[in-house]
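The values are calculated or read from the model by the stated rules, or taken from the named source; none is laboratory data. Quick caveat, the model's predicted, so the values are computed rather than measured. Virtual Cβ from ideal backbone geometry, glycine too; neighbours counted across all protein chains shown. To get the accessible areas, we keep the full protein, side chains included, count just its heavy atoms, and leave off ligands, DNA and RNA. Shrake-Rupley method; radii C 1.70, N 1.55, O 1.52, S 1.80 Å.
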Amino acid sequence: MTRLKESDISHISSNLPAYDRELSAKTGKTLLGIACHACRADEMKIREQAGTFSIQVVPVTAGQGIIGDFSQTVAAILHFMGFKARVSDRPDISGIAAAFEQGADAVMTADDHRFVGINLQTRTVSDNSRATGRVFAGGLDLMARGIKDKEVLVMGCGPVGEAAAKTLLSLGARVGLYDLDPSAAHASRQRLSDGAGRGTSMVEENLDRALLGYSHILEATPAEESLPLESISDQMLVAAPGVPLGVPAKGCEILGDRLLHDTLELGVAAMAVSLLL
Ligand code: 2YH
């Protein structure tokens with residue numbers, strides 16, 4: 001599991017308006033709009049509810065400890081989306097207790113294993129990995145102007161890739177699953193096929209061969225350069241929640257507006273929206 005570094009996120013807060021414009025150019029929707037699309041939520045209603053919904057972001061010192069700028073950046077993203085958000089004055093249990101005592105509607109908090117949002121009234125828990133997979137799948141759907149009946153290769157079958165695959169199947173895509181460890185792809189396929197009413201997925205065991213047949217990619221690996229430069233075509237659309245980004249620098253240039261990638265923004269946006277559902 002990737003642990004974010006301060007250098008992965010330090011640019012985010014000051015760049016939110018520009019990132020929102022970039023997302024609109026790529027997908028036709030803003031950060032909030034993509035999150036609502038992915039969560040099948042009414043954007044107008046969410047915008048209205050967000051203004052009175054207070055979220056306290058609670059830093060966690062356990063394990064490897066605080067990541068510089070992490071909580072502040074999460075709060076900045078939430079604030080940018082229109083939520084009443086702030087970083088808790090205290091970390092850990094004291095912060096959680098204060099959020100309850102002060103009547104917050106929700107907390108967002110992360111240790112080394114999970115990053116979650118918890119609605120303190122409804123007990124809904126939104127998980128960053130699931131939300132991230134879901135929102136990047138929704139973003140790919142928008143970039144493709146409808147992913148229904150299209151073939152998508154999901155690279156990386158961890159929690160993010162599997163959540164993306166689940167969303168893509170629910171949108172009617174035909175999904176190929178690839179993982180460096182084929183048994184992870186097979187296990188993922190089994191879990192996906194256990195979900196009632198879902199489309200079918202298939203496992204791809206040879207990446208080079210698979211890449212010849214797909215022009216829609218959901219890159220959810222934790223590896224640099226997982227998508228070979230030679231495989232990047234003029235038609236390819238890539239949604240890449242993986243950190244670090246698996247697309248080589250030259251590939252990013254070639255893809256331009258056909259590449260969707262960030263380290264925190266879209267995942268936090270989808271977590272926040274799902275807390276309101
Ligand atoms: O980055 C992480 C974990 N790898 C979970 C990621 C789930 N997608 N956690 C962030 C730790 C933040 C730290 N405890 C803080 O600053 O509060």
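Restricting the range 37-63 to residues that are away from the ligand (no atom under 16 Å from the Cβ) and assigned to a loop (DSSP other than H, G, I, E, B), which is surrounded by the most Cβ atoms within 10 Å (Cβ to Cβ)? In this case the residue turns out to be CYS39. Taking the range 1-27 as the range and being open to solvent by less than 60 Å² (accessible area, probe 1.4 Å) and not in a helix (DSSP H, G or I) as the test, only LEU4 passes.
Restricting attention to the range 69-93 and to residues that are of a type in the set (D, E, K, R) and over 27 Å from THR30 (Cβ atoms), the residue that is least open to solvent (accessible area, probe 1.4 Å) turns out to be ASP92. Close Cβ contacts (under 8 Å, 6 or more residues apart or on different chains) running from residues in the range 201-228 that are open to solvent by 20 Å² or more (accessible area, probe 1.4 Å) to residues that are in a helix (DSSP H, G or I) and of a type in the set (Ser, Thr, Tyr) comprise ASP208/SER231; LEU212/SER231. When the criteria are applied in full, ALA104 meets the requirement of being assigned to a loop (DSSP other than H, G, I, E, B), aliphatic (A, V, I, L, M) and either more than 16 Å from PRO241 (Cβ to Cβ) or without any contact (Cβ under 8 Å) to a residue 60 or more places away in the chain (or both). Checking each residue in the range 80-101 for being more than 16 Å from the ligand (Cβ to nearest atom), touching a Ser or Thr at 6+ places or on another chain (Cβ under 9 Å) and in a helix (DSSP H, G or I) picks out only PHE80.
Screening GLU230, GLU225 for residues that are on the phi > 0 side of the Ramachandran plot and at pLDDT 95 or above leaves exactly one candidate, GLU225. Remark: pairs (first residue in the range 51-70, among the small types (Gly, Ala, Ser); second residue more than 7 Å from the ligand (Cβ to nearest atom); Cβ separation under 6 Å; 6+ apart in sequence or on different chains) = GLY51/GLY82; SER54/LYS84; SER54/ALA104; SER54/ASP105; GLY68/GLU6.
Restricting the range 132-143 to residues that are open to solvent by 10 Å² or more (accessible area, probe 1.4 Å) and not polar (S, T, N, Q) leaves a set whose member that is nearest to the chain's Cα centre (by Cα) is ARG134. Candidates are the residues of the range 159-184 that are under 12 Å from the mean Cα position of the chain (by Cα) and free of Cβ contacts under 8 Å to residues at least 40 places away in the same chain; the one that is most open to solvent (accessible area, probe 1.4 Å) is PRO159.
In the set (1) open to solvent by 10 Å² or more (accessible area, probe 1.4 Å); (2) in a helix (DSSP H, G or I); (3) of a type in the set (A, V, I, L, M), ILE66 fails one condition alone, (2). Being in a loop (DSSP other than H, G, I, E, B) and either surrounded by 18 or more Cβ atoms within 10 Å (Cβ to Cβ) or not aromatic (Phe, Trp, Tyr) (or both) is a property that GLY33 lacks. Selection of the range 108-152 for residues being in a loop (DSSP other than H, G, I, E, B) and within 16 Å of the ligand (Cβ to nearest atom) yields ASP111, ASP112, HIS113, ARG114. Please work out which residue is farthest from the chain's Cα centre (by Cα), limiting yourself to the range 190-221 and to residues that are closer than 15 Å to ILE232 by Cβ and of a type in the set (A, V, I, L, M, F, W, C). Across the range 190-221, the extreme among qualifying residues is LEU212.
Among the residues examined, ARG40 qualifies as at positive phi and either basic (Lys, Arg) or within 15 Å of the chain's Cα centre (by Cα) (or both). Cβ-Cβ distances below 6 Å connect the following pairs, each with a first residue in the range 136-155 that is of a type in the set (Val, Ile, Thr), a second residue that is surrounded by fewer than 24 Cβ atoms within 10 Å (Cβ to Cβ) and modelled with pLDDT of 95 or more, and a separation of six or more residues or different chains: ILE147/LEU171. State whether one or more residues within the range 239-251 are at pLDDT 95 or above, of a type in the set (D, E, K, R) and surrounded by 14 or more Cβ atoms within 10 Å (Cβ to Cβ). No, every residue in the range 239-251 fails to be at pLDDT 95 or above, of a type in the set (D, E, K, R) and surrounded by 14 or more Cβ atoms within 10 Å (Cβ to Cβ).
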